[in-house]
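These notes are about the structure you will find just below.
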Amino acid sequence: MSGLSGSTDYPELREHLLKYSVKRGDFVLKSGRRSSWFIDSKQTICRPEAMLLVADAVLSVVPAEATAIGGLTMGADPVAFVTAGVAATRGRPLKAFSVRKEAKDHGGGGRIAGALDPGDKVVVTEDTVTRGTSLLEAAQAVHEAGAEVMLLVAVVDRGGTVEAMAAAEGLRFRAIVTAPDLGFDYEGA
């Protein structure tokens with residue numbers, strides 16, 4: 001583990017993540033790999049005192065021309081909805097949506113739930129990423145819905161490999177807080 005880099009532009013958000021979201025111990029990650037730390041960033045994103053911190057941080061990187069924000073449910077939902085809600089109070093309309101893990105075969109069907117229209121300029125988001133597969137899966141669903149992905153945003157990047165993966169797909173990626181910002185090495189290899 002490296003020392004705290006302190007390089008984050010969002011020190012209050014970083015401190016909240018360290019207090020409520022970061023756990024130390026022996027964990028098995030979704031990838032099957034073991035780690036000495038785990039982050040449940042929803043413990044920060046879903047707490048009232050941090051919702052504005054998250055929304056402000058995400059809005060600071062959302063391009064002005066963006067019209068919608070969302071991503072793969074469950075990780076993207078709190079980020080997208082709190083960001084769109086705060087944006088609305090500031091006269092900045094952003095539609096919010098979720099991408100279902102599987103297409104619904106009844107009702108309106110499809111993978112998109114919420115407000116996303118063909119032609120929308122979209123920010124695809126996620127709470128925490130290690131490898132970035134959820135971001136890329138959501139970006140593909142957004143593309144298939146006829147919208148344009150402008151940016152991929154994660155509140156926390158614990159892996160350090162997403163930017164290169166996104167670039168290989170012609171997409172831009174931005175992390176609000178990184179593993180080094182939290183005092184850990186990247187674990188995405």
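The values are calculated or read from the model by the stated rules, or taken from the named source; none is laboratory data. Quantities reported herein were computed from a predicted structural model and do not represent experimental measurements. Note that we place each Cβ from the backbone using ideal geometry, even for glycine, and neighbour counts take in every protein chain shown. Only protein heavy atoms, including side chains, enter the accessible area calculation; ligands, DNA and RNA are left aside. Shrake-Rupley method; radii C 1.70, N 1.55, O 1.52, S 1.80 Å.
Report, by residue number, each residue of region 169-189 that is modelled with pLDDT of 95 or more and under 24 Å from GLN140 (Cβ atoms).
GLY170, LEU171, ARG172, PHE173, ARG174, ALA175, ILE176
This table checks each residue for (1) out of contact with any Gly (no Cβ under 9 Å at 6 or more places or on another chain); (2) within 16 Å of ILE176 (Cβ to Cβ).
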site	(1), (2)
MET74	yes, no
THR83	yes, yes
ARG111	yes, no
LYS121	yes, no
THR130	no, yes
VAL142	no, no
ALA147	no, no
ALA154	no, yes
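Which of the residues spanning region 110-129 are among the β-branched types (Val, Ile, Thr) and open to solvent by 40 Å² or more (accessible area, probe 1.4 Å)? It would help to see each step written out before you state the result.
At the first step, the residues of region 110-129 found to be among the β-branched types (Val, Ile, Thr) are 112, 122-125, 128-129.
Hit for region 110-129 is ILE112, nothing else.
Please count how many residues of region 127-152 are in a strand (DSSP E or B) and over 11 Å from the mean Cα position of the chain (by Cα).
As a first pass, look at region 127-152 and keep what is in a strand (DSSP E or B): 127-129, 148-152.
Those left that are additionally over 11 Å from the mean Cα position of the chain (by Cα): 148-150.
Qualifying residue count for the region: 3.
Determine whether VAL124 is at pLDDT 95 or above, under 11 Å from the mean Cα position of the chain (by Cα) and outside any loop (DSSP other than H, G, I, E, B).
Values: at pLDDT 95 or above: yes; under 11 Å from the mean Cα position of the chain (by Cα): yes; outside any loop (DSSP other than H, G, I, E, B): yes.
Answer is yes for this residue.
Open to solvent by 30 Å² or more (accessible area, probe 1.4 Å) and either at pLDDT 95 or above or touching a strand residue (DSSP E or B) at 6+ places or on another chain (Cβ under 7 Å) (or both): which single residue out of ALA139, ALA103, ALA154 fits that description? Even if it seems obvious, please write down each step before you answer.
Details: ALA139 fails: open to solvent by 30 Å² or more (accessible area, probe 1.4 Å); ALA154 fails: open to solvent by 30 Å² or more (accessible area, probe 1.4 Å).
Going through ALA139, ALA103, ALA154 in turn, the sole match is ALA103.
Could you check, for region 43-66, whether at least one of its residues is more than 23 Å from LEU182 (Cα to Cα) and touching a Leu at 6+ places or on another chain (Cβ under 7 Å)? Outline the logic, then answer.
Step one: of region 43-66, the residues more than 23 Å from LEU182 (Cα to Cα) are 63-66.
So of that shortlist, the ones also touching a Leu at 6+ places or on another chain (Cβ under 7 Å) come out as 63, 66.
The answer is yes; a qualifying residue exists.
Counting only residues that are open to solvent by 80 Å² or more (accessible area, probe 1.4 Å) and part of a loop (DSSP other than H, G, I, E, B), which one in region 167-189 is farthest from LEU59 (Cα to Cα)?
Let us first name the residues in region 167-189 that are open to solvent by 80 Å² or more (accessible area, probe 1.4 Å), namely 168-169, 172, 174, 185-186, 189.
Keeping just the survivors that are part of a loop (DSSP other than H, G, I, E, B) gives 169, 172, 185-186, 189.
Working: GLU169: 23, ARG172: 16, ASP185: 26, TYR186: 25, ALA189: 29 Å.
For region 167-189, the residue satisfying everything is ALA189.
I'm trying to understand the selection: among the residues of region 20-59, which are small (Gly, Ala, Ser), open to solvent by less than 10 Å² (accessible area, probe 1.4 Å) and modelled with pLDDT under 95?
The initial filter retains those residues of region 20-59 that are small (Gly, Ala, Ser), namely 21, 25, 31-32, 35-36, 41, 50, 55, 57.
If we keep only those that are open to solvent by less than 10 Å² (accessible area, probe 1.4 Å) too, we end up with 21, 35, 41, 50, 55, 57.
SER35, the sole residue that qualifies.
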